[in-house]
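Here's the structure, in structure tokens; my notes come after.
The values are calculated or read from the model by the stated rules, or taken from the named source; none is laboratory data. On a predicted model such as this, the values are computed, not experimentally measured, just so you know. Backbone-built Cβ (ideal geometry, glycine too); neighbour counts: all protein chains shown.
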Amino acid sequence: MLVGDRGLITQARIEADLAPAGLDWITALRAPAIRGLVEGGALQLSLFDERDMAAITSPDYPGERLIVCRNPDLARERARKREDLLQATERDLARVVKAVSRERKPLRGRDTIGLAAGAVLNRHKVAKHFALTITDETFGFARDTAAIAAEAALDGFYVVRTSLPATTLDDAGTVRAYKSLSRVERAFRSLKGIDLRIPARVPLAGAAGARARVPVPAGLSRRVAPAPGAGAAALRGRRSPGRRGVARQRRARGAALAVGSRQADPRDHAGRSAGAQLPQLAG
């Protein structure tokens, strides 16, 4: 049996659950692990000058296959997003510089300035790409070009990790199987994202229905229409009339019965009692 996960199966789960059960699996490495392969020499980025896929081995992953892929479109998109974040961070940090250097009520104190700069870095999540200089009366910043270049070198790279032997599934097939997991995840998100209202019998006043999440096929996009009848109000989510409303309804029915009994003739044409008569109520 094969287990796949685009959310990245952890090493602890492999050792505790999958390996003892004899299950094969397909997952991928996180960015720090890929960087470790480069620093350890197992991954040579120059291999991808003329190719987009290569299988490698590493002593850190014994008995496993590592398939390195590079997507040029993904590399360009990551570079664009990083540059956008860097520029947005620089604009916000420039405001902190102005706040520190202004003549009227300048921002003072290392801690206060640090909090203002930290809020900017936390907002854009690129703190590792900036070097800050903070004193009680000054603030400065600059891009960490070395850190940016190290990250950019891995743009577009991803490493598929699997326990399957190549005789069972080749490199290209393993990568395709890993990519296909995204479609499965989208289907599950569609199933779990549909919120339905279903009628429920609840022996409590004021409880007309219940909410529940019901998995249905992802292709089913039509709304469930409430069926006509007594259950329609529950399907539409109407509230129960409550105790006072029920009492009013009972009084109204009693008044209608009384009116009907007064209008009916208690005797037949012969003058004898006609017995109990049901009132003729409209509707």
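Pick from 121, 93, 86, 66: which is assigned to a helix (DSSP H, G or I), modelled with pLDDT under 95 and among the aliphatic types (A, V, I, L, M)? Working first, answer last.
Working: 93 fails: modelled with pLDDT under 95; 86 fails: modelled with pLDDT under 95; 66 fails: assigned to a helix (DSSP H, G or I).
Every option except 121 fails the conditions.
For the range 49-63, give me each residue that is of a type outside the set (A, V, I, L, M, F, W, C) and surrounded by 15 or more Cβ atoms within 10 Å (Cβ to Cβ).
So the first thing to find is which residues in the range 49-63 are of a type outside the set (A, V, I, L, M, F, W, C), and the list is 49-52, 57-63.
The answer is 58, 61.
Considering each of 66, 18, 29, 86 in turn, give the residue that is touching a residue at least 12 places away in the same chain (Cβ under 8 Å), farther than 30 Å from residue 164 by Cα and surrounded by 15 or more Cβ atoms within 10 Å (Cβ to Cβ).
Working: 66 fails: farther than 30 Å from residue 164 by Cα; 18 fails: farther than 30 Å from residue 164 by Cα; 29 fails: farther than 30 Å from residue 164 by Cα.
Only one candidate qualifies: 86.
Does residue 41 satisfy the criteria of being in the same structural domain as residue 168 (by TED's automatic domain parsing), modelled with pLDDT of 90 or more and more than 25 Å from residue 181 (Cα to Cα)? Break it down into steps so the answer makes sense when it comes.
Details: in the same structural domain as residue 168 (by TED's automatic domain parsing): yes; modelled with pLDDT of 90 or more: no; more than 25 Å from residue 181 (Cα to Cα): yes.
Judged against the criteria, residue 41 is not a match.
Is one or more of the residues making up the range 13-28 closer than 30 Å to residue 132 by Cα and assigned to a helix (DSSP H, G or I)?
Of all residues in the range 13-28, those closer than 30 Å to residue 132 by Cα come to none.
There is no residue in the range 13-28 that is closer than 30 Å to residue 132 by Cα and assigned to a helix (DSSP H, G or I).
For (1) at positive phi; (2) at pLDDT below 90; (3) over 16 Å from the mean Cα position of the chain (by Cα); (4) of a type outside the set (A, V, I, L, M), each residue gets a yes or a no:
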| residue | (1), (2), (3), (4) |
| --- | --- |
| 150 | no, no, yes, no |
| 162 | no, no, yes, yes |
| 184 | no, yes, no, no |
| 188 | no, yes, no, yes |
| 191 | no, yes, no, no |
| 198 | no, yes, yes, no |
Quiz prompt | Condition check for residue 37: surrounded by 14 or more Cβ atoms within 10 Å (Cβ to Cβ), in contact (Cβ under 8 Å) with a residue 60 or more places away in the chain and within 30 Å of residue 119 (Cβ to Cβ) | solution = no
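I'm trying to understand the selection: among the residues of the range 131-143, which are farther than 16 Å from residue 118 by Cα and either among the aromatic types (Phe, Trp, Tyr) or at pLDDT 95 or above (or both)?
Here is the first cut: in the range 131-143, the residues farther than 16 Å from residue 118 by Cα are 137.
None; the set is empty.
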Quiz item: In the range 47-63, what residues are closer than 15 Å to residue 172 by Cβ and part of a loop (DSSP other than H, G, I, E, B)?
Solution: 51, 52
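For the range 37-54, give me the residue count where each residue is more than 18 Å from residue 156 (Cβ to Cβ) and either hydrophobic (A, V, I, L, M, F, W, C) or within 34 Å of the chain's Cα centre (by Cα) (or both). Give the derivation first.
Applying the first criterion (more than 18 Å from residue 156 (Cβ to Cβ)) to the range 37-54 yields 39-42.
If we keep only those that are either hydrophobic (A, V, I, L, M, F, W, C) or within 34 Å of the chain's Cα centre (by Cα) (or both) as well, we get 39, 42.
Final tally of qualifying residues: 2.
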Quiz item: Which condition breaks for residue 21 when tested against (1) within 22 Å of residue 181 (Cβ to Cβ); (2) of a type in the set (Gly, Ala, Ser); (3) modelled with pLDDT of 95 or more?
Solution: (3)
